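Values quoted throughout were computed directly from the atomic coordinates according to the rules given, and no laboratory measurement underlies them. These figures come from a predicted structure and were not determined experimentally. Neighbour counts run over all protein chains shown; Cβ positions are idealised from the backbone, glycine included.
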């Protein structure tokens, strides 16, 4: 079962943006692609990005060049990479969390920057306004960290007997962690659930977090919708299966890897729209006049095979609203 996802524009107009000082008239424009993660597992997302460029008449290698820089999880490498791209790119696009966007913002005040983040960019301090970002930044807010209360409610519907929920977050993403814990704690109080917070920013800390004593063992796992944790989705799915722990994730890739359920924005649609925005800037739009776009439709994906492995029966109420059920 699938429903179409889309992203809504928050009003505003496009205006001419002067070409980067280093770009020569008629030269092939350059997209500087900066990501805090590795390129592993990014093939489908990059395909969606290239599709978005194609929709505005840009084809990699034909009339646009893309320079990729992957920080491989080393956030400390981002400033140097951003500075390098600022010397070569016509526009810089950033993903993999706010650190990449902030590195690009620090590297240049003139080269246009189009970011992809999972939380409110005004709260982060990337832009001052969603409707008129001003300056040289605009982008997409996937709202990944603003859906957590709803995701906990969906987990409770699927696993109503679970009373103690472990909430896994990456403490390095301070603002995202604050948002996740605030919203999940409020939802847990309403439902009557107990939470225990697990902090992890390395693969080793994730593994250590699953080393509960029998009295501390939770009934289910809630994985925060953060870039680092999505990167470690295979590890998390395997640990959840080994410990027989029903878990919910922020992105569908975890469910495709064998996870139980996810609820979040359509990542591939987000990448497509992100590329379209970058293409508009390359064609002359001024980023400060392009409003930040926000996801408005989201995907509930359930892996029924995994549910049966956990001895769970997916209730008809969830089957009716699921965008996809994996058998």
Length released on extending from residue 203 to residue 217, taking residue separation times 0.36 nm less the Cα-Cα span: 3.1 nm
Just need the relative contact order of segment 144-200 here, percent rounded to a whole number, with Cα pairs under 8 Å and 6+ apart. 50 percent
Counting only DSSP beta bridges fully inside the chain, the antiparallel percentage to nearest 5 is 15 percent
Rounded, prolate or oblate: which fits segment 229-327, taking a ≥ b ≥ c as square roots of the Cα gyration tensor eigenvalues, rounded meaning a/c under 1.5, else prolate when a/b beats b/c? prolate
Mind pulling the angle between the C-alpha long axis of helix 174-191 and the longest principal axis of the chain? Nearest 10 degrees, somewhere in 0 to 90. 40 degrees
Can you tell me the order of 256-264, 196-204 when each peptide is scored by its average per-residue count of other Cβ atoms within 10 angstrom, highest first? 256-264, 196-204
Tilt relative to the chain, helix 233-242 - C-alpha long axis, 0 to 90 degrees, to 10: 0 degrees
Averaging sequence separations of C-alpha pairs under 8 Å and six or more residues apart, then dividing by the length of the chain, give the relative contact order as a whole percent. 26 percent
In degrees, nearest 10, range 0 to 90: what is the angle between the Cα axis of helix 148-158 and the longest Cα principal axis of the chain? 40 degrees
Segment 255-296 scanned against label point 7 Å out from residue 238 along Cα→C-beta; backbone N under 20 Å for 255-261
Going by C-beta contacts inside 10 Å, put 283, 105, 54 in order with the fewest on the left. 283, 54, 105
Computed [θ] at 222 nm, helices only, for the chain once each DSSP H run of length n ≥ 4 contributes -39500 (n - 2.57): -10500 deg cm²/dmol
Share of pairwise Cα separations in the chain, more than 25 Å, in percent: 50 percent
